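We did not get these values from a lab; they are worked out from the coordinates using the rules stated. Everything numeric in this text was worked out from a predicted model, so none of it was measured. Note that each Cβ is placed from the backbone with ideal geometry, even for glycine, and that neighbours are counted across all protein chains shown.
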Number of protein chains: 2
Amino acid sequence: MSVTIKKIAKDLNLAVSTVSKALRDSHEISAETKARVFEYAAKLDYIPNPYASSLKKGRSGNIAVVLPEVADSFFSAAINGIESIAHDKGYHTMVYLTHEDVQREQSIVREFRNGRVDGVLMSIVANDEKYEHLTELYANKIPLVFFDRVCESIETASVVTNDFDSAYAAAKHLIDQGSKRIAFLSMPGELAIIKHRHQGYTQALRDHALPERVVFCTDNEDENNAIIEQLLTASDRPDGIIGSIEKVTMPVYKICHAHRIAIPYDIKIIGFSHLQIASLLYPPLTTVTQPAFEMGKAAATILFKALEKKYNLKNERIVIPSVLNVRASTHTMSIENK
Amino acid sequence: MSVTIKKIAKDLNLAVSTVSKALRDSHEISAETKARVFEYAAKLDYIPNPYASSLKKGRSGNIAVVLPEVADSFFSAAINGIESIAHDKGYHTMVYLTHEDVQREQSIVREFRNGRVDGVLMSIVANDEKYEHLTELYANKIPLVFFDRVCESIETASVVTNDFDSAYAAAKHLIDQGSKRIAFLSMPGELAIIKHRHQGYTQALRDHALPERVVFCTDNEDENNAIIEQLLTASDRPDGIIGSIEKVTMPVYKICHAHRIAIPYDIKIIGFSHLQIASLLYPPLTTVTQPAFEMGKAAATILFKALEKKYNLKNERIVIPSVLNVRASTHTMSIENK
DNA sequence: CTTATTTACGAAACCGTTTTCGTATATAGA
DNA sequence: TCTATATACGAAAACGGTTTCGTAAATAAG
C-alpha cells in the first residue's frame with residue numbers, strides 16, 4: 001500500500017490532523033513539528049491521494065479540453081498552449097474528442113457535472129442549436145471558456161480570432177491579385193467561425209461588386225473530393241478560392257495537381273490553416289493563420305482566473321488576430337518569381 | 001449541491017447501501033426496488049461522484065498519455081487512436097507533455113504513483129539512462145505501455161514500428177535510385193527509435209559498400225537550420241538524405257529551396273514522417289510513414305487488457321510496420337515525369 | 001414441524017484527506 | 001493574582017460512495 005497521512009501520524013506519534021496541517025504549512029503547527037513531518041514525509045516519499053483530497057475539498061485539480069478532433073494541427077497547437085498553462089498552475093489536463101459528433105459532445109459534457117473536472121475549455125461541434133448540455137454545465141457552476149469555435153447563445157468567456165476581418169482581408173487580397181470569380185468553400189452547420197468568415201467574404205465581394213459563390217463541403221473526405229472536383233472541372237471554374245478550414249483546402253491542391261490546373265495561374269488559393277509547412281507546399285500556400293498556441297494559452301489563463309478567484313466569466317471576449325501569409329499560391333503573373 | 005446517493009436513499013426511504021447496490025445492479029436487490037431507484041435517479045439526473053468511488057475502489061478510471069510534444073502530427077494521430085479506445089472503455093484520458101525535458105517527464109510520472117491514473121501510455125523523452133521514475137511506476141503496480149519511443153531497459157509491453165527494416169528499406173531505395181553519398185540526419189540521446197533507424201541505415205550502406213555519414217541535429221530549430229545549411233552547402237554535399245524524424249526533414253526542404261538545390265536532381269530526400277500532406281510538398285516528399293493511429297489504438301488496447309484482467313505485461317511487443325511512400329523527392333531523372 | 005438456506009435490505013465501517021472544534025499549556029494584560 | 005489570548009496539538013466529523021456483515025422474513029429441505 002502507498003504511504004498515507006495516517007502512517008506518518010502513527011510513526012511520528014502525532015494526530016492525522018496535525019500531520020495534515022503541517023503538510024499544508026498551517027500556522028497552527030510549530031516550526032519544529034513541521035520540520036519533523038516534512039522530513040519524514042520526504043523520506044517516505046509521501047504523495048497525497050488526489051481522490052481523498054478532491055472528495056473533501058470539492059475540487060479535482062483537473063480541467064477538460066473538449067475538441068472536435070486533434071489531428072488538425074490547429075487543435076494540436078491549442079492543446080500545447082493549454083497544457084503548458086495548466087501544468088504551470090498545477091492542474092491536470094483531460095482531453096476529450098467529439099469527432100464532430102453532437103451526441104458524443106453531449107455525453108462527454110454531461111459527465112462533467114459531478115466534479116471530475118473543475119473547468120472546461122471547449123471548441124464546439126458544428127451543430128444546430130442543441131445546447132442544453134452546455135447550459136447545464138453553467139447551472140452546475142463549472143466555468144466554461146470557449147476557444148475558436150464558440151457557441152454564441154451561451155454567455156461566457158471566449159477566445160477567438162478575427163474571422164470576419166481576416167476573411168475580408170483574404171478576399172480583398174484575391175481581388176487585388178486580379179481574381180474575379182472567387183468561391184468560398186464553406187461547411188454546413190451553425191458554426192460561428194464559419195459564419196463570420198463567410199460574412200467577411202461576402203462583404204468584401206459586395207464592396208467590390210463581384211459575384212458571390214459559396215460551395216458547401218461536408219465532413220466526409222471522399223464527398224469533399226467529389227464536390228471540389230466538380231467545382232474545378234466545370235466550365236465556370238472559379239479563378240480564386242478561399243478554403244474556410246484546413247480540411248477543405250487540401251483537396252483543392254490535390255485536385256488541381258491531378259487535373260493540371262496551375263496554381264496561381266489558373267486559380268489562386270487561400271486557405272484558413274494552421275500548417276507551418278504551408279510554405280513547403282507546391283506551390284507555397286497563402287494562408288490565414290490562427291494563433292492557435294496563443295489562443296489555447298489565453299483561454300486557459302482566463303479559465304484559471306475564474307477557478308482561482310471566483311472571477312465572473314460573463315461577456316469576456318478576447319480576440320487574437322489571425323495573420324495573412326502571402327505566398328505563391330496567390331501571386332499574380334507579374335510577381336510570380338520568388 | 002449535486003444529488004447524492006444519500007438524498008436518493010432518504011427520499012425513497014431506503015438505506016444508502018441499498019441504493020448503491022441497486023444502482024450497480026446487485027443481485028441482492030429486488031427487481032422492483034431497483035426499478036424504483038433507477039427511475040428516481042434518472043429523474044433527479046444523478047451522476048455518481050467520481051472521487052468518492054475512486055477513493056473507495058482504488059481505481060480512478062483515468063489513463064495518462066505522456067508525450068514529448070503534440071504539435072508533431074504523429075503524436076496527434078496517436079492521441080486520436082488512444083482516446084477513441086479509452087472512451088469506448090469508459091476511461092478518461094489525461095494528456096501530459098514533456099517537451100523533451102527529462103526533468104519534466106520525471107515530475108509528471110512521479111505524480112502518478114498515488115492513483116490519479118490507473119495506467120500509463122508513454123513515448124519517452126530522449127535521455128541518458130535515467131529511468132528511476134519508470135521503475136517506480138512499476139513498483140507501484142501501475143501498468144505502463146510504451147509506444148513508439150520505448151525504454152528498452154524496462155520490461156513491459158510496447159507498441160513500436162519496424163524502424164530497422166524501414167530505415168534499411170529507405171536507404172536501399174535511395175541506393176536503387178542512384179544515390180552514392182547518403183547522409184543520415186540523427187538526433188543525440190539514447191532513443192531506441194533513432195538507434196534502430198540508424199542501424200538500419202548503416203546496415204544498408206554496408207551491404208552496398210557505400211560510405212556512411214551521420215549528422216547529429218538538436219532540439220533547437222535554429223541550430224538545426226545552421227547544421228543542415230552547412231551540410232548542404234559544403235563541397236562534399238550528400239546526394240541523398242534520410243531524415244530520422246519529422247523535425248529534421250522540414251529544414252532540409254527549406255534550405256534546398258533557399259539555395260536552389262534541386263530535389264531530386266541534386267539531392268534525393270526521404271523523411272520519417274507522418275504528414276498526410278507530404279504529397280503536396282514541393283516536390284512531393286518520399287516518406288516512411290508510421291501507423292500512428294493504429295499504434296495508439298494498439299497500445300491502449302493492451303493497456304486495458306492489463307487493467308481489466310490483471311494481464312501480465314512483460315515481454316509483449318507489438319510491431320506495426322511502417323510504409324514507404326515513394327514520391328518525387330527520390331525519383332531518378334528517368335522517371336521524373338509524373 | 002424443525003432446521004437450513006435464500007432473499008432483500010439496513011447498519012456501520014472504511015477509503016484518505018480536510019476542517020471544525022475542543023483543550024491544555026504558555027504568555028500577556030489588568 | 002486572576003482573567004484574556006495565543007500557541008500547538010488532538011479528537012472527531014465530515015466528503016460520497018462501496019463493501020462487509022448482520023438479520024428478518026420467506027422459502028426449501030429433511
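In segment B:192-338, the C-alpha radius of gyration followed by the widest Cα-Cα span (Dmax) gives 18.2, 60 angstrom.
Of all DSSP beta bridges confined to chain A, the antiparallel ones make up roughly 10%. GNM remark for chain A: springs join alpha carbons under 10 Å apart, and the peak mean-square fluctuation among A:SER26, A:SER73, A:SER153 falls on A:SER26. In this simple spin-label approximation, A:ASN220 and B:ARG237 carry label points 7 Å from Cα along the Cα→Cβ vector, and these lie 4.8 nm apart.
On a 0 to 90 degree scale, rounded to 10, what angle separates helix B:246-258 from the longest Cα axis of chain B? Rounded to the nearest ten degrees, it is 40. Antiparallel beta bridges, as assigned by DSSP with both residues in the protein assembly as shown, represent about 10 percent of the total such bridges. Separation of segment A:216-249 and segment A:6-41 by C-alpha centroid, Å? Between the Cα centre of segment A:216-249 and that of segment A:6-41, the gap is 66 Å.
By definition, a body whose alpha carbon gyration tensor gives a ≥ b ≥ c is oblate when a/c is 1.5 or more and a/b is not larger than b/c, and segment B:66-108 fits this oblate description. Spatially, segment B:118-148 and segment B:55-107 are offset by 12 Å when compared through their Cα centroids. With distances taken between every two different alpha-carbon atoms, segment B:66-166 has a Kirkwood hydrodynamic radius of 14.1 Å.
Positive-end ranking of A:ILE267, A:ALA300, A:ILE255 along the dipole of segment A:220-305, with charges on Cβ about the Cα centre, is headed by A:ALA300. Within the listed set B:ALA157, B:ALA22, B:ALA171, the residue fluctuating most in the Gaussian network model of chain B (springs between alpha-carbon atoms under 10 angstrom) is B:ALA22. In segment A:213-271, which trypsin sites (Lys or Arg not before Pro) are in a loop and have at most 16 other Cβ atoms within 10 Å, using DSSP for the loop call? Here the sparse-neighbourhood loop sites are A:ARG260. For the protein assembly as shown, the mean projected area of the C-alpha convex hull, equal to one quarter of the hull surface, is 34.6 nm². Loop-located trypsin sites (Lys or Arg not before Pro) in segment B:12-49 (DSSP state other than H, G, I, E, B) with a sparse environment of at most 13 neighbouring Cβ atoms within 10 Å: B:ARG24.
The average projected area of segment B:5-48, computed from the convex hull of its Cα atoms over all directions, is 2.6 nm².
Only the Cβ atoms of Lys and Arg (+1) and of Asp and Glu (-1) were treated as charged; on that basis the dipole of chain B about its Cα centre amounts to roughly 1240 debye. Rounded to the nearest 20, the Cβ-based charge dipole of segment A:163-289 about its Cα centre (Lys and Arg +1, Asp and Glu -1) stands at 340 debye. For segment B:22-89, GluC sites (Glu not before Pro) are listed when DSSP marks them as loop and at most 13 other Cβ atoms sit within 10 Å of their Cβ; the list is B:GLU28.
Assuming charge only on the beta carbon of Lys and Arg (+1) and of Asp and Glu (-1), the dipole of the protein assembly as shown about its Cα centre is about 1860 debye to the nearest 20. The angle separating the long axis of helix B:31-44 from the principal Cα axis of greatest extent in chain B is about 60 degrees.
For chain A, what D do you get in µm² per second when you plug the Kirkwood radius from alpha-carbon pairs into Stokes-Einstein at 10 °C and 1.306 mPa s? D = 70 µm²/s. Using 0.36 nm per residue and subtracting the Cα-Cα separation, the extra length available between B:ASP88 and B:LYS7 on full extension is 26.1 nm.
Axis of helix B:192-207 versus longest Cα principal axis of chain B: the two differ by about 30°, to the nearest ten degrees.
Rounded to the nearest angstrom and listed largest first, the equivalent-ellipsoid semi-axes of segment B:93-225 from its Cα gyration tensor are 34, 16, 11. A simple spin-label model places pseudo-atoms 7 Å from Cα toward Cβ; at A:VAL16 and B:GLU152 they are separated by 4.8 nm.
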